[in-house]
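Down below is the structure, laid out as structure tokens.
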Amino acid sequence: MVSNLTDTNIISVSGLTKKFKDFVAVDNISFDVRRGEIFAFLGPNGAGKSTTIKMLTTLLQPTRGKVMINGSDPAKNKDAVRMSFGIVFQDPSLDSDLTALENMQYHAVLFKVPKEIRKRRVEELLRFVELWDRKNDMVKTFSGGMKRRLEVARGLLHQPRIMFLDVPTLGLDPQTRSHIWSYLKGISQKEDMTVFFTTHYMEEAEKVAQRIAIIDHGKIVAMGSANDLEKQTNTNSLEEAFIAITGNTIREEQVNGTDLMRSMIRMWRRH
Amino acid sequence: MSTIYILWLRQIKKYFRAKSRIIGALGQPLLFLLVFGFGFGSIYQQAGQGNYIQFLAPGVIMMSVLFTAVFSGIDLIWDRQFGFLKETMVAPVPRWQIMLGKAVGGATVASFQGVIVFILSLFVGFKFHDPLMLLAAALFIFLVALLFTSVGIAIASMIEDMQGFQLIMNFLVMPIFFLSGALFPLKNLPAALDVITRIDPLTYGVDGLREALIGSGNFGMGVDLIVIIVVAVIFLGAGSYLFERIQA
């Protein structure tokens, strides 16, 4: 694995573009994320958040542009990049016919967690997300929040340098949401892990992220801390800043029929 | 190696947990054995061909292997629809190992199903001729299972959802079964049918199994074995190639 420890940017993206036929999903975006930073992509559905995450995590080939993740290019050096990150996808990605423990073991083997530490690490994480008591239960008996917590634990299993979370708290109650974030912030601080997440919740971006990139129609339209963004726009809250920058509230965009259906289906599946 | 093992293990666990599916999948072969076995038995005997159950059982075992194998491969579509495939796709392991683990897992499950049908057939009156040849029988069962699990994976890599499933059943799996000589002898067939049955890879699986279990066949076990191995390798390759191109 090529990794330059003196390099402060763990994610570095320049001119990244993804086209699907004539539709430009991600339009020439550039940004850097510092090692250990918690960084948010804030934007409405269909803004290009998930497409960007897919390109950063080797799941999608960019049309143009350059990406470096922990010193490797995800389009070329896929396995080195894959070793360096953990991910929680937008949609559920657990095997519900396996137990919590089996889902963890599957991941541990595929991500080459050494046998000697595997057991201890799995137990540590399952206790951490308060699922150790349920370790031998089938995932299909879990609530949406429990599944999410298990996915977070699984993503952390191989001690990734970066954690990607794609709309991780969609459809979860506020309590579960704040639980998940307190785990992640703790680990980020303790292990200097970088967190890159997407969201369309203002409060979440404001409370959790050190820096926020506002993405709209495939373009980054503003970037900075919540404070910076408020100053830039002469407003008093991130919500107002967002409206000033994009000319829209984030909620209005959601009231598009298909998006609404999609998010309802997602919520339904999660529960 | 550990990648292949863990993917194999997942298939096995899921199979043994779905007990109702195992039992459900035995209904069809049992029906074939009883209805065809006893229904056509006397005609078959009058035609001077001997005991029909003896002829039919290897064919029905292979039918069950074929169906289970194709299903085990195709259930990749569920992994995709329920999101689990993405978890596998971001793993830092070669795609061919993932494909191979899944193929060997599906083949193990399908072989097991074949063995159960074999045991069932003993209760219906089937008698195998040589206990030592059971090893050869097991080999044919596993190779055929591996071949058709790979076919299932290849198909699942090309289609997005279960909508094309009926199409595959009716235009691929059923013809492969009916044209394999599982139900009727391949001698004295009309020329066109004769050619088609010789193209069908399952024909060689059924023939090899029949030879191993009752000691009579058309092509000889050596030919059967070579054909099955070659075709299995081709489809393992094709399955890997198509699987590698999936974008999550």
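What is chain A's relative contact order, in percent, from Cα pairs under 8 angstrom and six or more apart in sequence? Walk me through the numbers on the way to the answer.
On the way: 472 pairs, mean separation 67.4, N = 271.
Answer for chain A is 25 percent.
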In sequence order, calculated HN-Hα J values of the stretch A:209-220 (Karplus, 6.51, -1.76, 1.60; Hz; x Gly/Pro):
7, 7, 9, 10, 10, 8, 10, 8, 6, x, 10, 7
Checking a compactness column here: for the stretch A:70-113, what do you get for Rg(Cα) / (2.2 N^0.38 Å), N being the number of residues?
1.37
Sequence order, the stretch A:74-81: Karplus ³J(HN,Hα) from phi using 6.51 cos²θ - 1.76 cosθ + 1.60, θ = phi - 60°, Hz rounded, Gly and Pro as x, gives x, 7, 10, 9, 4, 5, 4, 5
Kindly provide log₁₀ I(q)/I(0) values, in the same order as q = 0.14, 0.16 Å⁻¹, from the Debye equation applied to equal alpha-carbon scatterers of the stretch A:79-210.
-0.58, -0.77
Summed over the other residues with a beta carbon less than 13 angstrom from that of B:Ile77, with K and R at +1 and D and E at -1, the charge totals -2
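At 222 nm, what helix-only mean residue ellipticity would the protein assembly as shown give, in deg cm²/dmol to the nearest 500, using -39500 (n - 2.57) for each DSSP H run of four or more? Don't skip to the end; give the middle numbers.
Values: 24 runs with 295 residues, N = 519.
Computed mean residue ellipticity for the protein assembly as shown: -18000 deg cm²/dmol.
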What does the convex hull of the alpha-carbon atoms of the stretch A:139-262 project to on average, in nm²?
8.9
Computed over the Cα atoms, what is the radius of gyration of chain A divided by 2.2 N^0.38 Å, N being its residue count?
0.99
Across the residues of A:89-95, average count of Cβ atoms on other protein chains within 10 Å?
6
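Can you put B:Met169, B:Met1 in order, fewest other beta carbons within 10 Å first?
Values: B:Met169 14, B:Met1 7.
Fewest-to-most ranking of B:Met169, B:Met1: B:Met1, B:Met169.
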Once label points are set 7 Å from the Cα along Cα→Cβ at both A:Arg34 and B:Met162, what is their separation, rounded to one decimal in nm?
5.1
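Using unit Cβ charges (K, R positive; D, E negative) and no other charged atoms, how large, in debye to the nearest 20, is the dipole of the stretch A:9-266 about its Cα centre? It would help to have the intermediate numbers written out before the result.
Values: 37 positive and 32 negative charges, 202 e Å.
The calculated dipole for the stretch A:9-266 is roughly 960 debye.
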Karplus-derived 3J(HN,Hα) from phi for the stretch B:222-230 (6.51 cos²θ - 1.76 cosθ + 1.60, θ = phi - 60°), whole Hz, x at Gly and Pro, runs x, 4, 3, 4, 4, 4, 4, 4, 4
Cα centre as origin, Lys/Arg/Asp/Glu Cβ charges: the protein assembly as shown dipole, Debye:
720
Quick one: net charge around B:Ala136, please, counting Lys, Arg +1 and Asp, Glu -1 for every other residue with C-beta under 15 Å from its C-beta.
-3
Rg and Dmax of the stretch B:84-168, using alpha carbons, in Å: what are they?
16.8, 51
In whole Å, how far is the Cα centre of the stretch B:42-80 from that of the stretch A:13-88?
49
Just B:Ala103, B:Ala91, B:Ala137 to compare: in a GNM of chain B, with alpha carbon springs under 10 Å, which one fluctuates most?
B:Ala91
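Using alpha-carbon pairs under 8 Å, 6+ residues apart, how would you state the relative contact order of chain B in percent?
Details: 334 pairs, mean separation 67.5, N = 248.
Answer for chain B is 27 percent.
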Inverting the mean 1/r over all pairs of different Cα atoms, compute the Kirkwood radius of the stretch B:2-244 and quote it in Å.
18.3
With chain A treated as a Gaussian network of Cα nodes joined by springs under 10 Å, which of A:Glu116, A:Glu191, A:Glu203 yields the largest mean-square fluctuation?
A:Glu116
Select from A:Phe197, A:Phe85, A:Phe31 the residue whose mean-square fluctuation is largest in a Gaussian network model of chain A (Cα-Cα springs shorter than 10 Å).
A:Phe31
Here the net charge surrounding B:Lys13, from other residues whose Cβ is less than 9 Å away from its Cβ (Lys, Arg +1; Asp, Glu -1), is +1
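Given A:Lys54/A:Lys112; A:Lys119/A:Lys185; A:Lys54/A:Lys207; A:Lys140/A:Lys207; A:Lys19/B:Lys14, which pairs have Cα atoms separated by over 30 Å? Let's see the in-between values first.
Working: A:Lys54/A:Lys112 22 Å; A:Lys119/A:Lys185 24 Å; A:Lys54/A:Lys207 25 Å; A:Lys140/A:Lys207 32 Å; A:Lys19/B:Lys14 39 Å.
Too far apart for the 30 Å limit: A:Lys140/A:Lys207; A:Lys19/B:Lys14.
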Considering only DSSP beta bridges with both partners in the protein assembly as shown, what is the antiparallel share in %, to the nearest 5?
55
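For a quick protection proxy, order the peptides A:15-23, A:170-178 by their average other-Cβ count within 10 Å, most packed first. Mind showing how you got there, number by number?
On the way: A:15-23: 13.0, A:170-178: 15.6.
Packing proxy ranking, top to bottom: A:170-178, A:15-23.
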Find, to one decimal place in angstroms, the Kirkwood hydrodynamic radius of the protein assembly as shown, where the mean of 1/r is taken over every pair of different Cα atoms and then inverted.
25.6
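Only the coordinates and a few stated rules stand behind these numbers; no lab work does. In this text, all values refer to a predicted model and were calculated from it rather than measured experimentally. A quick note on method: Cβ atoms are made from the backbone with ideal geometry, for glycine too, and the neighbour counts reach across all protein chains shown.
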